[in-house]
1. For the range 139-169, which residues satisfy the criterion of being at positive phi and either modelled with pLDDT under 90 or part of a helix (DSSP H, G or I) (or both)?
2. Do we have any residue at all in the range 246-256 that's over 23 Å from the mean Cα position of the chain (by Cα), open to solvent by 70 Å² or more (accessible area, probe 1.4 Å) and within 20 Å of residue 203 (Cα to Cα)?
3. Just to check your reading of the model, which residue among 177, 194 is farther than 30 Å from residue 45 by Cβ and open to solvent by 50 Å² or more (accessible area, probe 1.4 Å)?
4. So residue 222 ticks every box in (1) modelled with pLDDT of 90 or more; (2) among the hydrophobic types (A, V, I, L, M, F, W, C); (3) more than 16 Å from residue 302 (Cα to Cα); (4) surrounded by 13 or more Cβ atoms within 10 Å (Cβ to Cβ) but one. Which box is left unticked?
5. Is there any pair with a first residue in the range 48-72 that is more than 19 Å from residue 170 (Cβ to Cβ) and a second that is among the polar types (S, T, N, Q) and open to solvent by less than 20 Å² (accessible area, probe 1.4 Å) whose Cβ atoms are under 9 Å apart and which are 6 or more apart or on different chains, and what are they?
6. Which of (1) among the basic types (Lys, Arg); (2) at pLDDT below 90; (3) under 13 Å from residue 275 (Cα atoms) is the odd one out, the single condition residue 214 does not satisfy?
7. Pick out the one residue from 59, 46 that is modelled with pLDDT under 90 and open to solvent by less than 40 Å² (accessible area, probe 1.4 Å).
8. Scan the range 157-170 for residues that are aliphatic (A, V, I, L, M) and surrounded by 17 or more Cβ atoms within 10 Å (Cβ to Cβ) and jot them down.
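The values are calculated or read from the model by the stated rules, or taken from the named source; none is laboratory data. Values in this document were obtained by computation on a predicted structure and should not be read as measured data. All Cβ positions, glycine included, derive from the backbone under ideal geometry; neighbour counts span all protein chains shown. Side chains are part of the model used for accessible areas, which takes the heavy atoms of the whole protein and leaves out ligands, DNA and RNA. Shrake-Rupley method; radii C 1.70, N 1.55, O 1.52, S 1.80 Å.
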Amino acid sequence: MPVVKTNWVKKTLGACLAFSFSTLTIGHIVLPSAAHAHAEHGSEGGIPTVSSKAKLPKGISLQVVKSNAYQFALATDGQQTLEVLGEDKRPFLRFEGDKLYADLNAVGWHRSRQPGGGPVPDRLKENPNEKPNWILLDKQPGYGWYDPRLINEEVAHFNLQLISSGKPISVRVERVEAEPMTGYWRPTLISEPEFSGLNVLVPGLSGNALLLSRMGTAQHEFEILDDENQPFMELRKDGVWLLGNHKWAQDTGLFFGDFKEDSPWVKVSETSTVTYSDPRLDNKPGKINQIGEWSVPVKIKGHEELSALKGQIKWQNIEANANK
């Protein structure tokens, strides 16, 4: 489905997905590349995709995205009256302007909580037609939710039912064969700080992973800075620490538990080494014959001098590599 590049769509999609994950307590979403998605669970026979022929009302955008499993991501302009129906044709989500409601007595709500269909309470198994119990989830003009049909590889296509301002809408979702993978973007390291005691490596051939290691002989601790030159990760003498409330924390791929707002730093490694995902290594150029550049600022803790890890991102053609 062509992506409508308007500010409200991009802003709302990001916000609604972040909200859905914090609500459902699952990982941060990562949009997939078609080249890799075909090999993942739920993609056999094609990638579930909103049909390009689907006609949605103005102000509504619907996509299928990939986190730990395929899910719907719906964004509105905050002006809509819209309901989402479950497989049983009963509404379980409702948008009224920028307010989002859920019917806790709808089977569809409980099914939307997990990729393969969340557990349905016994009371609803016995009586699936209980009176609606709508509650306000949040002031939120979009949402992301699971649908079991998205990962059921035996379902070649199905219709998602919506009601927009009282008018029923049927949105076709079909499996589309992934385009063959012809190459990949490869990040490389071309320069690193002159600080003694800090080792850097870009592991793997693709992706945005960065491996940092503080040598045992190092006299200093190191700070990894964000795009505003503020520390969000530290390599200390007692391990690696992450700023848990930082905007990138969920994107690093690092596991960490609860933290306190007045003490948001959390230890993510007892060792002196960490491998994490850094968004700056995703700075891919628009064309495969161009070269992207990335930079990660670092500094010695307690010092003012800044330095940087610098690298490039180049397209690697699979056929060309195979002939070498």
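1. none
2. Checked against the condition, which is being over 23 Å from the mean Cα position of the chain (by Cα), open to solvent by 70 Å² or more (accessible area, probe 1.4 Å) and within 20 Å of residue 203 (Cα to Cα), the range 246-256 yields no hits at all.
3. 194
4. Only one criterion is unmet by residue 222, namely (3).
5. 65/71; 66/43; 70/43; 71/20; 71/112
6. Failing condition for residue 214: (2).
7. After ruling out the rest, the residue left standing is 46.
8. Hits for the range 157-170 are 160, 162, 169.
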